Amino acid sequence: MSVEEQVSTYYDMLLKRNAGEPEFHQAVSEVLDSLKVVLDKDPHYADYGLIQRLCEPERQLIFRVPWVDDAGLVQVNRGFRVQFNSALGPYKGGLRFHPSVNLGIVKFLGFEQIFKNSLTGLPIGGGKGGSDFDPKGKSDAEVMRFCQSFMTELHRHIGQYRDVPAGDIGVGGREIGYLFGQYRRLSNQHESGVLTGKGLTWGGSLVRTEATGFGVVYLTQEMMKAAGDSLDGAKVIVSGSGNVAVYAMQKAQELGATVVGFSDSSGWVETPNGVDVELLRDVKEIRRERVTAYVEDADGATMHTEGSIWDLKADVALPCATQNELNGEHAATLAANGVRYVAEGANMPSTPEAVELFHNKGILFAPGKAANAGGVATSALEMQQNASRDSWTFEYTDQRLHQIMSNIFGTMSSTAAEYGHENNFVMGANIAGFRKVADAMLAQGVV
């Protein structure tokens, strides 16, 4: 049986076993497509059911999360934790609280996390979790009661040497605090390494808040440098206005770029003179309001509810919102408007059609499993500090982050060239991430 037939047969089987999970199917399909050249060159990677084992989570947890709202009514949500692969180290990956969360979404995120964590070069495996709970519009007391109920079940499945969750969409410092407090209460110990993204006064790491946004810009900087270009003077568009987007905007502007637009679910904002990051942080992190509040207070900003953030002319696009937000039509518009570099700050925000168009048009494209690895990399650095009871300076931690992102770009670039696909960073990231995990799995036997 040819490699093409092997991969096709396995993918068909995966579709049947994981029906109704399109995001998971999409993530696996992209990786398997990249691995055809690996299996052709190194057929031993097909031994011992390795590909099948890689695509099957080691453990999938689904649990009920009952909590009481401010009106005294009992609400019930569903919680998830998918512990996907621990060949390289304890499961590591965030928790997402959003109405769209289901098992398929969590499996897609956990699968991506395997390769992302591998690319960091740090000893962490892949996992992900979350709930269909929506923190928006909830009081602090309601969020606290939900987090306490969620952790009451989750605490028995996690630990600093087993599984270390962090934040994601809908899970910021507030939620991590409530989750950790309940874990500490239930476990009767201050096991600071069990969660990352903690407050700075109780085990958190400097730069962790900024890490994913900073990291995507650091990798973009490396990608542009390799092409003989620079962020200095470049125009950048950023989708989203959450944690990743805000700090991507900050770092891009610190490096000389002008962020000409950003967005949230209510619309998009055109900012031809750049973004007032401090004002945006106040709107989103303190006031917890929509971007319309930013437009009301900012000079030269225009709110749009028609069209798309991708309609703007720019040199660089950083999709930092959510999966499949940038489709083929958007990609064609970006290409027509002069965008030459795209780096994903979110997990799989570009559809397969968009990625194909970027490659066909010669637009350099960095996939999320590489470009947004800064968050989990700095989480692993937080784990190191917790294990040694140490605390590093902002400058030192930022330097470590910058070096990790530079190494990731170098690894995926050289791997793509090694397999005859120069500048195809999707291939490079998938293959480099896979080989490290696959070698560990083969060395450890059929487990």
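The values are calculated or read from the model by the stated rules, or taken from the named source; none is laboratory data. Bear in mind that the values here come from a model prediction, so they are computed numbers and not experimental data. With ideal geometry, Cβ positions are generated from the backbone for all residues, glycine too; neighbour counts draw on all protein chains shown.
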Selection count, the range 312-340, where residues are part of a helix (DSSP H, G or I) and over 30 Å from residue 106 (Cβ atoms): 4
Members of the range 400-425 found to be under 22 Å from residue 123 (Cα atoms) and in contact (Cβ under 8 Å) with a residue 60 or more places away in the chain, listed by number: 401, 402, 404, 405, 406, 407, 408, 409, 410, 411, 412, 413
Test result for residue 103, in contact with a Gly (Cβ under 8 Å, 6 or more places away or on another chain), touching a residue at least 60 places away in the same chain (Cβ under 8 Å) and of a type outside the set (S, T, N, Q): no
The range 181-209 - residue that is out of contact with any Phe, Trp or Tyr (no Cβ under 8 Å at 6 or more places or on another chain) and of a type in the set (A, V, I, L, M, F, W, C) and, of those, surrounded by the most Cβ atoms within 10 Å (Cβ to Cβ): 186
Pair list, Cβ under 7 Å, 6 or more apart: the range 347-358 residue hydroxyl-bearing (Ser, Thr, Tyr), other residue part of a helix (DSSP H, G or I): 351/328
Of all residues making up the range 160-193, the number that are among the aliphatic types (A, V, I, L, M) and either at pLDDT below 95 or assigned by TED's automatic domain parsing to the domain that holds residue 242 (or both): 1
Flag if residue 430 is more than 16 Å from residue 208 (Cβ to Cβ) and at pLDDT below 95: no
Residue within the range 72-94 that is in a helix (DSSP H, G or I), out of contact with any strand residue (DSSP E or B) (no Cβ under 7 Å at 6 or more places or on another chain) and surrounded by fewer than 17 Cβ atoms within 10 Å (Cβ to Cβ) present: no
1 or more residues over 22 Å from residue 24 (Cα atoms): qualifying helices (runs of 4 or more DSSP H) within the range 341-428: 352-360, 374-387, 394-418
